[in-house]
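Quick notes on the structure that follows.
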Amino acid sequence: MGKNVSPPHYLVQDIKLNFKDDDLAYFPRPVSISYNHKNIYVVDAKENEIKVFSKSGAFIMSIGRKGQAPGEFESPQDMDIFDEKIYVSESSNSRIQILDINGKYLGGFKVLFAPDQVSVLEKDRILVSELPILPSPGEKMIHCFSSRGKLLWEKVEAYFSGDSVYDTFRNFIILNKGDREDFFMIKKSDDRFISHFDKEGEVKEKIEVAKDLSFKKLVLPLVAKKKELFGFCWDCDFYRSKFYWVAPEYTAEKDLGPGKQLAVISLDGTIEAFIDLPDPVKKISVENDLIYALDDENYLRIFQIIKK
C-alpha cells in the first residue's frame, strides 16, 4: 500500500441472534470469547460459568458453576480451545482446568500465582500469563507449562517502578496464538511494538505498529503523584496472519474505554483496513468474515464484515 493511500474502511452487518430471551446474551462480567468448528463459548467471571451458543446465536448450554471441585470455577479469567478441549484459567483457585468440549472434566494443574490468560500452543506448551498486583524487580509474567503442570520456562519481566497501581496498569498484556506454534504479546499501553515469540519463549522479532494508530493519553490520579498512561490496545485477535485490533477511545467521562473500530494489521505492522462497528466492543474473536464480540454493555454480538 502506497504511503499516501489511506486504508479502506469496511462496514459490518449486525446479525440478529436467535434468542427467545435476550437475557441469555447478557453477561455480568464477560472475560473471554472463543469458538470451535461448531459453537461460540463465552466465559463469565461473575457467574463462574461458560455459556455455549451456536454460531447462529442460539443458546445451547451452560458449563460449570461456582466452586472449587473439578468442573467448577472460582473467578475464571480466560479460556482457550485447542484440539476440542477447553482450557480455563481461574484466579481464585490458582489453577488451569481442562474440559472436553461439552464441559466434562479431563484434568488440570495448580499454579503458584493467580493466572490471567491461557493460550495453548500445543498439548505440552500451555502459556499462562500473570498480572502482578505487587510486582517485584525481575518478576516474570508469562509461564509455560506441560499438560501435567510441569513448568517449562518463564519469560518477560514485569514493569516495575515501585508504584503498585501504576505498575499494574503498565503490566496489562494480551497473548495471541500465531499460525505455527508461536505467539505474540501486545502491551496494552505505552508500547507500539508487538513481540513475536517462538514456542520456547524466545523473541523472534519486534513488529512496530504503523503510526495510523495513535496513543490515547490518560492521567492517573495516584495518591503520591499523578502519572500519565498512554493506552494503545484494548483487545486483539490474530487470525490468518492478521491482527484485528480494538484501539481504546475516550469516554464521555474522559476515561479510556473500548473503541468501535477495528484495525486490520499485517505481520509487518501495516494497517491494511479499518472495520467500523455500530458499538464499542470489549472482546473479539474473528473467523473468516465474522466477528464474535462482547460489546461495552456486555452483550454477545455477531458481525459480518462487508467489503465494498
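Per-structure values
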item	result
Test: residue in segment 256-270 that is among the small types (Gly, Ala, Ser) and at positive phi	yes
Cβ pairs under 6 Å, 6+ apart, first in segment 157-182 and in contact (Cβ under 8 Å) with a residue 60 or more places away in the chain and under 18 Å from residue 200 (Cβ atoms), second of a type in the set (A, V, I, L, M) and assigned to a strand (DSSP E or B)	181/121
Failed item in (1) modelled with pLDDT of 95 or more; (2) within 23 Å of residue 235 (Cβ to Cβ); (3) surrounded by fewer than 16 Cβ atoms within 10 Å (Cβ to Cβ); (4) among the aliphatic types (A, V, I, L, M), with residue 165 passing the rest	(1)
Residue, surrounded by the most Cβ atoms within 10 Å (Cβ to Cβ), within segment 216-268, restricted to residues that are small (Gly, Ala, Ser) and in a loop (DSSP other than H, G, I, E, B)	266
Residue 115 vs. criteria modelled with pLDDT under 95 and either among the aliphatic types (A, V, I, L, M) or farther than 18 Å from residue 202 by Cβ (or both)	no
Enumeration of residues in segment 223-252 that are more than 16 Å from residue 34 (Cα to Cα) and charged (D, E, K, R)	225, 226, 227, 228, 242, 249
Conditions (1) assigned to a loop (DSSP other than H, G, I, E, B); (2) of a type in the set (Ser, Thr, Tyr); (3) buried (at least 17 other Cβ atoms within 10 Å of the Cβ): number failed by residue 129	(1)
Test for residue 213: is it surrounded by fewer than 17 Cβ atoms within 10 Å (Cβ to Cβ), of a type in the set (A, V, I, L, M) and farther than 30 Å from residue 83 by Cβ	no
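The values are calculated or read from the model by the stated rules, or taken from the named source; none is laboratory data. The structure displayed is predicted, hence computed values, not measured ones. Glycine gets a Cβ as well: all are built from the backbone with ideal geometry, and neighbour counts include every protein chain shown.
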